[in-house]
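Taking it in order: structure first as structure tokens, then the write-up.
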Number of protein chains: 2
Amino acid sequence: MFFSIGDLARRTGVKVPTIRYYEARGLLDAPLRSAGNQRRYGQAELERLRFIRHARDLGFSLGAISSLIELQEHPDRGCETATRIAQDQLEAVRQKIGRLRALEAELERITAGCTGTGVSRECYVLASLADHELCDHDHAPMDG
Amino acid sequence: MFFSIGDLARRTGVKVPTIRYYEARGLLDAPLRSAGNQRRYGQAELERLRFIRHARDLGFSLGAISSLIELQEHPDRGCETATRIAQDQLEAVRQKIGRLRALEAELERITAGCTGTGVSRECYVLASLADHELCDHDHAPMDG
DNA sequence: TGTAATCTCTCTAGCGACTATAGCTTCAAG
DNA sequence: CTTGAAGCTATAGTCGCTAGAGAGATTACA
């Protein structure tokens, strides 16, 4: 019926310290404790943690996940917020993909220009980094 | 001839505290100082910082950039390391793109299944997150 | 030369989402 | 009843910055 934090970790693939971290962040409610002060979980916490894990895997922030959980706790509320969070996430993912594809193209070009057999002075990788003129595009900074 | 940290920031697009951070991290050498202890930069530092900025824009870590700079400082060394760093980065970018595309597909599916007009209880977004069975794929965690 | 506005200095703390460590206590198996 | 794994709290570290405090330096203009 009740299981330990280690069992919960095994069942969800979320590491033990991460589970405690989620509790501290308020994503998981504080669970029951054993006589010796160890956490004891049940089915509800298991499902909650799977929800969190799934959302994390999809790249949602813990803040966004908090909002989603809050909504889940109030089944009578409208779901515009949930939909918007998911759409925002989709948009963010698409933007990341776009930027990464630009980086990919530039890195391909740079690495293709260098056999790796020469001397640093003549290295096309280093030259490309030193001189932005050798670039085709402006590439914007990424957040990851 | 010599210019301030603010000038350097304007010329490179790198923020002032970031420049100081790079210096603390050893990516930039400690520059000359004015009589009043303010940093004074010249052409060499400008080029170095542009190199760093360009590499950051391409997603290289500061550690990788350190290695690239070290290589740049020793023009007689072979450039295999530089080439490998760039190839590793390319590979990392490609893997990120792959994972993001899986997330994109899943988020598209989830958001398409929900009009956002219903009630939280019936929300397809929330249902999808709660029940991994509603997923087509296993999606792996991302680092960003 | 005075003064005001802007810039720069160092230092510390915070972000997000964990991860690692230390030093201790509890639990489960044999 | 002992041993070893697993759990507890609390703190600090990761990465690449960013923000703020409170002080001092420089510059523009009168």
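The values are calculated or read from the model by the stated rules, or taken from the named source; none is laboratory data. Since the model is a prediction, treat every value here as computed from it, not as a measurement. A quick note on method: Cβ atoms are made from the backbone with ideal geometry, for glycine too, and the neighbour counts reach across all protein chains shown. Each accessible area value is taken on the protein alone, full model and side chains, heavy atoms only, with ligands, DNA and RNA left out. Shrake-Rupley method; radii C 1.70, N 1.55, O 1.52, S 1.80 Å.
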Run the label-point distances for residue B:94 please: 7 Å along Cα to Cβ, every other copy, nanometres, shortest first. 2.6
With the label set 7 Å along Cα→Cβ, residue B:20 is separated from its counterparts in the other copies, in nm and shortest first, by 3.6
Let me check I have the definition right: for region A:80-134, take the eigenvalues of the Cα gyration tensor, multiply each by 5, take square roots. What are those semi-axes in whole Å, largest first? 39, 10, 7
State, to one decimal in nm and shortest first, how far the label point of residue B:77 sits from each corresponding label point in the other identical copies (label point: 7 angstrom along Cα-to-Cβ). 5.5
If a/c stays under 1.5 just call it rounded; otherwise compare a/b with b/c (prolate if a/b is bigger, oblate if not). Do that for region A:20-128, with a ≥ b ≥ c from the square roots of the Cα gyration tensor eigenvalues. oblate
Per residue, how much accessible area does chain B have with a 1.4 Å probe, in Å²? 53 Å²
So what's the gap between the Cα centers of region A:40-117 and region B:1-69, to the nearest angstrom? 33 Å
Can you pull out the GluC sites (Glu not before Pro) in region B:1-93 whose DSSP state is coil and whose Cβ has at most 16 other Cβ atoms within 10 Å? B:73
Average other protein chain Cβ within 10 Å of Cβ, residues B:35-47: 0
Let me have the 222 nm mean residue ellipticity of chain A computed from DSSP H runs of 4+ only, each contributing -39500 (n - 2.57), with the sum over all residues rounded to the nearest 500. -19000 deg cm²/dmol
Taking all protein chains as present, what is the carbon and sulfur share of the accessible area of the protein assembly as shown, in % to the nearest whole number, probe 1.4 Å? 47 percent
Given 20 °C and 1.002 mPa s, compute D for region B:5-72 with the Stokes-Einstein relation, Rh being the Kirkwood radius over Cα pairs; round to the nearest whole µm²/s. 176 µm²/s
By its C-alpha gyration tensor, with a ≥ b ≥ c as the square roots of the eigenvalues, how is the protein assembly as shown shaped: rounded for a/c under 1.5, else prolate for a/b larger than b/c, else oblate? prolate
